[in-house]
1. If I compute solvent accessible area with a 1.4 Å probe over the protein chains, what percent of it on the chain is carbon and sulfur?
2. May I ask you to order 497-509, 241-253, 388-400 by the average number of other C-beta atoms within 10 Å around their residues, highest value first?
3. For K320, give me every one of the aspartates and glutamates with a C-alpha distance below 17 angstrom, ignoring sequence neighbours fewer than eight places off in its own chain.
4. Which of the peptides 212-224, 124-136 is most tightly packed, and how do the rest follow, going by the mean number of other Cβ atoms within 10 Å of each residue?
5. Over the chain, calculate the relative contact order: mean separation of alpha carbon pairs under 8 Å at least 6 apart, over the residue count, as a percent.
6. Helix 69-82 versus the longest principal axis of the chain: what angle, 0 to 90°, nearest 10, using Cα atoms?
7. So what is the diffusion coefficient of region 411-513 in µm² per second by Stokes-Einstein at 20 °C and 1.002 mPa s, using a Kirkwood Rh over Cα pairs?
8. In the chain, what cysteines have no partner Cβ closer than 4.7 Å?
Amino acid sequence: MKTSFTLLIWLIAVTGISTTLNAQNPGPKLNSYPSAQPTIYLDFDGETVTTPYWNSGNTLVCASPNYTDAQITVFFNKVAEDYRPFNINVTTDSAVYAIAPANKRIRVIVTPTYQWYGMAGGVSYVGSFRWGNGVPAFVFSSLLANGDPNLCADAASHEAGHSLGLNHQSKFNADCSLNAEYNPGTGTGQTSWAPIMGKSYYKTLSLWYNGPSSSNGCNSSQDDMSIISNVSTNGTGYRTDGVGDNKNSAAAVNFSQATQAFSQSEMINTNTDVDFYSFIMPTSGTFKLSALPFNAGNNNMGANLDIKVNLYKSNGTLLKTYVSATTLDATVDTALTAGSYYLSVNNTTNANTPANYGIVGAYTMNGSYIISSGLPIYALDLSGIVQNNEHQLSWKIIADEPIKNITVEQSKDGKNFSTLYVLDGNARNFASRPFDNSNTYYRLKAVTEADVAYFSNIISLKGIAGRGKFNILSNVVRNDITVLSDNKYQYRIADISGKVVATGMLNNGTTRISLNNAAHGMYFLQVISDDEKWTEKFIKQ
């Protein structure tokens with residue numbers, strides 16, 4: 001359990017605080033943001049502490065947890081990631097702590113020595129980061145899975161959070177009764193979530209949170225990030241955003257000519273931050289990108305960022321969004337033609353996170369391209385027959401890329417094609433009633449999700465006896481009706497009761513008439529010239 005106390009510090013003498021380094025290997029000297037003055041010092045080498053704030057003023061001899069350099073690095077990486085968005089340096093170097101401003105620092109002593117305090121994961125004073133008297137916080141490693149650096153790092157972030165002014169994030173029932181002092185979060189696996197100021201030991205996404213605290217009640221939220229970043233109290237603030245948030249301020253990333261790849265590391269440092277990048281595909285091919293959150297181990301352990309990547313055309317049109325429901329990283333693998341593109345990186349929620357609050361942190365993008373040795377669409381074979389006074393088309397597609405849409409095109413000479421109808425990418429057949437007796441040529445244009453177009457073979461079907469003035473493309477329609485006409489005519493559409501639902505003019509060629517607001521049932525299309533009227537029925541599904 002993690003424990004904190006808020007004390008009336010003016011009732012306690014601020015004298016006699018001292019710490020003495022015990023003879024231990026100090027381990028690697030690591031810093032997360034060396035230019036920042038506010039400092040969180042992770043102390044692993046054992047200390048002798050004398051302070052009236054702890055142990056009734058009696059001297060504490062705190063043993064070292066005897067971590068290896070690798071364990072210290074894992075511990076450091078987890079805590080550093082928790083505080084990475086802020087103007088705070090997390091360090092393992094006592095010399096860096098010594099020169100930090102006294103009212104902008106906290107020492108977190110990691111020790112197996114807990115007996116003087118009791119059964120708890122750690123302890124600290126709320127607000128002690130800014131007291132200026134050197135009173136430390138503690139993490140009791142021996143009570144957390146025998147010193148597991150992953151769990152102890154969560155405790156260190158928690159106790160440092162208390163020192164920066166945070167209380168616990170709690171869970172309440174619907175009637176505002178306290179359910180849990182420490183909000184346990186939800187979920188399992190990579191997308192599991194819990195507040196750092198709650199019980200986050202066994203959740204991957206241990207995050208800052210804006211939620212209720214037992215100290216303030218269920219109707220008052222504690223905005224962790226605003227409190228930590230408060231310049232007037234903690235002297236901290238946020239780090240400067242390094243990448244523009246729209247395509248006009250996008251950062252350029254360039255493929256190496258030698259490797260056909262690029263790598264870029266950056267950070268999402270606020271809840272609303274979006275990082276935009278521009279790149280140029282030098283040739284048509286397959287574009288691959290992996291966007292990985294900073295982590296401290298396998299399965300994105302210690303990551304704080306769930307990533308979403310958007311890929312855009314050069315004019316800003318969104319091509320596709322890439323996000324994983326089960327992992328925190330995002331992967332792009334798509335065919336692109338040569339040219340300019342944009343991509344954006346930002347945070348996203350998942351089934352466990354209540355909001356995108358606190359889903360912030362560092363990431364690395366690794367991009368590459370492979371020159372096409374083949375086409376994303378390997379086969380687009382069109383065939384057709386004349387049956388029941390219709391030209392019935394069908395086709396087969398073999399493709400590596402999803403198909404966005406399929407356009408049926410027609411021609412009278414086999415050279416100059418025009419659009420007949422645009423279908424969903426999953427369509428595999430289409431029926432057309434020709435307008436006249438002459439042969440009609442058909443071909444398909446399939447467009448992939450990456451906006452790459454491919455054309456099918458061309459087929460020719462014999463003409464059939466048409467109506468001579470107009471034809472309905474299909475007698476069963478859904479949202480609109482398509483009419484082929486040899487001239488401009490007036491039209492009106494009426495339901496079976498005679499109520500007119502649409503009127504207008506037919507084009508010389510193709511006219512699409514919207515029936516979105518019409519009810520299901522039978523309708524009659526009446527076409528009117530100066531001296532004739534024609535009527536044909538159809539059904540709206």
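The values are calculated or read from the model by the stated rules, or taken from the named source; none is laboratory data. Small disclaimer: the values here were computed from a predicted structure and weren't measured. Glycine gets a Cβ as well: all are built from the backbone with ideal geometry, and neighbour counts include every protein chain shown. Quick note on the areas: whole protein, heavy atoms, side chains included, nothing else; ligands and nucleic acids left out. Shrake-Rupley method; radii C 1.70, N 1.55, O 1.52, S 1.80 Å.
1. In the chain, the share of accessible area belonging to carbon and sulfur is 48 percent.
2. Answer by packing, highest mean first, reads 388-400, 241-253, 497-509.
3. D275, D329, D333, D400, E401, D424, E449, D451
4. 124-136, 212-224
5. Over the chain, the number comes to 9 percent.
6. 60
7. Rounded to a whole number, D works out at 137 µm²/s.
8. For the chain, the answer is C62, C152, because their Cβ atoms have no other cysteine Cβ under 4.7 Å.
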